[in-house]
């Protein structure tokens, strides 16, 4: 007589035995896979650096020099995350390499500093502003930054290794920007500067019907009062108020101007007595007005909207007019609200409209780093600077060029190769994002 488990039918025992067999097989298979993975070494994460030596010699067909011109047949040495030397024309890696160096040849390619986007909301989800008040100097957009945002890797695929991220443009004084590196050795973004420029917005985006200011005159009056208070506070040693810091030159003041009238107001309010002043120029500001108001020795850096998909001669030639007037400028690429290669595509259009190619390359690299106050660390291929570099298949300003490789702090990233850059229509801002209004590419100018 068989002894049966009470309450359990013979069919259930058979099913349980079969399940046990399957589980055992799965455990055995998983163990074999784990052993195979362990034997093959670590598998790099998507976008994470490959396991390669940190000392390397890179020999492309040409490099972008700090002045924006191209130089051929150079060898760039990278060690410990920084550029250590640029060897003269004719040097061969085998002749300058020592033990433990990895040599990478990129024949026909162009090595550029990582591109720098000075108009971005990368990694910032939802609103990054407090709407209860029109003046909020204490908010930091860095507190809303997500270092694992997939858009950061998309930006790297476009050659963008550094970006200035901003609060929304809905307040007169909207808080402090941050500077980020789009990828690091651990496969995530990194904040390079938490307390960056203080954002001030002049334009319709800072006006509201349910709180002050509701008019342009009211906005200027409120800014005058805030500036006077900031100047008074700024005279106190050690005052930590961001506006006070900007007024005494301890912090960059980033002023967005949406129209030519806003430019006049900004010059009156901030043009004198603000040592570190940067203007972010909206699409509604005419180039001729910029030249008329600023030429003659102005050193205020300008962040220009890229001429995306427009037929306006004024918009297409603004960078050329700034260059000829001797005014410092850079491009606002607008990732992720635009495509990762939008800044290059806009620079190409500016070059076709008469901008000097060297000036266009500088605007995306060295001059952008200067605008952010980071030219001692980023933006050029020069000894002592961080080795944030991009290998393009050709001149970055050629529409057929594509990203072949990206180095961040000397480490080569995996999975960043992309298709060539071509101009496209701008992406519309998602509802509630609160991002920079100039990305809309409209004639009204929008916000910062």
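Among the residues making up segment 243-266, those that are modelled with pLDDT of 90 or more and either on the phi > 0 side of the Ramachandran plot or over 27 Å from the mean Cα position of the chain (by Cα) (or both) are 261, 264, 265.
Quick grid of which residues meet (1) under 29 Å from residue 57 (Cα atoms); (2) modelled with pLDDT of 90 or more; (3) surrounded by fewer than 19 Cβ atoms within 10 Å (Cβ to Cβ):
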position	(1), (2), (3)
358	yes, yes, yes
385	yes, yes, no
400	yes, yes, yes
403	yes, yes, no
407	yes, yes, no
424	no, no, yes
430	no, no, yes
445	no, no, no
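Across segment 299-317, the number of residues qualifying as farther than 28 Å from residue 124 by Cα and at pLDDT 90 or above comes to 1. Whether any residue in segment 328-341 is farther than 30 Å from residue 125 by Cα, touching a residue at least 60 places away in the same chain (Cβ under 8 Å) and in the same structural domain as residue 160 (by TED's automatic domain parsing) is what I want to check. No, segment 328-341 has no match at all. Can you tell me which residues in segment 163-182 are assigned to a strand (DSSP E or B) and more than 20 Å from residue 279 (Cβ to Cβ)? Result: 180, 181.
Which members of segment 122-144 meet the condition of being modelled with pLDDT of 90 or more and either touching a strand residue (DSSP E or B) at 6+ places or on another chain (Cβ under 6 Å) or crowded, with 21+ Cβ neighbours inside 10 Å (or both)? Spell out the reasoning first.
Initial filter on segment 122-144 (modelled with pLDDT of 90 or more): 122-124, 140-144.
The answer is 122, 123, 124, 140, 141, 142, 144.
Just one of the listed residues (273, 282) is over 18 Å from residue 135 (Cβ atoms), part of a loop (DSSP other than H, G, I, E, B) and either in the same structural domain as residue 322 (by TED's automatic domain parsing) or touching a residue at least 24 places away in the same chain (Cβ under 8 Å) (or both), and it is 273.
All conditions in (1) outside any loop (DSSP other than H, G, I, E, B); (2) over 25 Å from residue 179 (Cα atoms) hold for residue 391, with the sole exception of (2).
Selection of segment 70-99 for residues being more than 23 Å from residue 393 (Cα to Cα), part of a helix (DSSP H, G or I) and touching a strand residue (DSSP E or B) at 6+ places or on another chain (Cβ under 6 Å) yields only 96.
Given the condition modelled with pLDDT of 95 or more and over 30 Å from residue 401 (Cα atoms), answer yes or no: does some residue in segment 182-193 qualify? There is at least one residue in segment 182-193 that is modelled with pLDDT of 95 or more and over 30 Å from residue 401 (Cα atoms).
Could you tell me whether any residue of segment 133-141 is in the same structural domain as residue 358 (by TED's automatic domain parsing), within 20 Å of residue 362 (Cβ to Cβ) and part of a strand (DSSP E or B)? It would help to see each step written out before you state the result.
Within segment 133-141, the first condition is being in the same structural domain as residue 358 (by TED's automatic domain parsing), and the residues that meet it are 133-141.
Now drop any that are not within 20 Å of residue 362 (Cβ to Cβ), which leaves none.
No, segment 133-141 contains no residue that is in the same structural domain as residue 358 (by TED's automatic domain parsing), within 20 Å of residue 362 (Cβ to Cβ) and part of a strand (DSSP E or B).
Screening residue 314 with (1) under 21 Å from residue 116 (Cα atoms); (2) in contact with a helix residue (DSSP H, G or I) (Cβ under 7 Å, 6 or more places away or on another chain) gives one miss only, at (1).
Residues checked against (1) in the same structural domain as residue 150 (by TED's automatic domain parsing); (2) at negative phi; (3) in contact with a strand residue (DSSP E or B) (Cβ under 6 Å, 6 or more places away or on another chain); (4) not in a loop (DSSP other than H, G, I, E, B):
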| site | (1), (2), (3), (4) |
| --- | --- |
| 184 | yes, yes, yes, no |
| 187 | yes, no, no, no |
| 200 | yes, yes, yes, yes |
| 209 | yes, yes, no, no |
| 214 | yes, yes, no, no |
| 224 | yes, yes, no, yes |
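Within segment 79-117, restricting attention to residues that are in contact with a helix residue (DSSP H, G or I) (Cβ under 7 Å, 6 or more places away or on another chain) and modelled with pLDDT under 95, which residue is nearest to residue 361 (Cα to Cα)? It comes out as 87.
The values are calculated or read from the model by the stated rules, or taken from the named source; none is laboratory data. Computed from a prediction, not measured in an experiment: that's the story for all the values here. Reconstructed Cβ throughout: ideal geometry from the backbone, glycine too, with neighbour counts over all protein chains shown.
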